[in-house]
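Here it is, the structure in full.
The values are calculated or read from the model by the stated rules, or taken from the named source; none is laboratory data. It should be emphasised that the depicted structure is a prediction, and the values quoted were computed from it without experimental measurement. In this analysis, Cβ positions are derived from the backbone assuming ideal geometry, glycine residues included, and neighbour counts consider all displayed protein chains. Protein only, heavy atoms only, side chains kept; ligands, DNA and RNA dropped before computing areas. Shrake-Rupley method; radii C 1.70, N 1.55, O 1.52, S 1.80 Å.
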Amino acid sequence: MNSRWKFLPAILLVLPALAAAPKPAALSIVQSAMTQWRGKTSYTEITMTIHRPSWQRKMAMTAWTQGDDDALVRFTSPPGDAGNATLKLGDSMWMFTPKLNQVIKLPMNMMAQSWMGSDFSYNDLAKSEQVLHDYNLKITDTEKKGGHTLYTIEALPKANAPVVWRSRSGNWEGEFT
């Protein structure tokens with residue numbers, strides 16, 4: 001047998017396994033990244049600075065999340081906002097204002113509205129998984145970097161999606177299965 005053909009049977013046995021090795025889909029990569037980022041529950045202390053052409057505002061808050069749909073954000077500063085809170089349970093959201101000692105239930109059509117004068121919406125605040133439902137996700141680039149695989153994922157809104165931004169892309173790094 002010719003020596004260059006002696007490895008052919010081994011190569012033919014390995015090729016189907018290599019071809020069958022699934023590449024991760026963009027949706028599963030984003031879901032894995034969100035699960036890793038959030039976990040079952042989370043706690044964070046955040047400082048947010050909002051920059052506008054004629055003013056700037058800095059706010060500090062504490063946030064808790066449980067699962068994918070429940071979140072509580074409570075402002076700790078500035079003094080005028082301290083104690084204000086936003087609670088999201090499933091598809092429902094409430095605002096609490098201690099100065100008025102009043103709880104206000106927000107209607108669903110306000111969930112995409114600006115939150116506290118920022119570029120975030122109420123859904124963004126609650127770490128909503130809106131991107132998984134309202135966007136078509138596609139891997140546009142893959143590269144190896146530092147022993148990890150870096151995926152660039154394009155997220156284009158679906159035609160009927162209630163979104164403000166009409167295009168998004170992001171990078172997710174890691175090994176996904």
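Yes or no: the range 51-65 includes at least one residue that is of a type in the set (S, T, Y), open to solvent by 70 Å² or more (accessible area, probe 1.4 Å), in a strand (DSSP E or B) and closer than 22 Å to D119 by Cβ.
Within the range 51-65 (the criterion being of a type in the set (S, T, Y), open to solvent by 70 Å² or more (accessible area, probe 1.4 Å), in a strand (DSSP E or B) and closer than 22 Å to D119 by Cβ), the answer is no, since none of the residues qualifies.
Could you say whether any residue in the range 79-88 is open to solvent by 70 Å² or more (accessible area, probe 1.4 Å) and closer than 29 Å to E154 by Cβ?
No: the range 79-88 contains no residue that is open to solvent by 70 Å² or more (accessible area, probe 1.4 Å) and closer than 29 Å to E154 by Cβ.
Here is a list of conditions, (1) modelled with pLDDT of 75 or more; (2) over 25 Å from A71 (Cβ atoms), and R166 meets all of them except one; can you say which number that is?
(1)
For the range 89-115, how many residues are in contact with a helix residue (DSSP H, G or I) (Cβ under 7 Å, 6 or more places away or on another chain) and open to solvent by less than 60 Å² (accessible area, probe 1.4 Å)?
5
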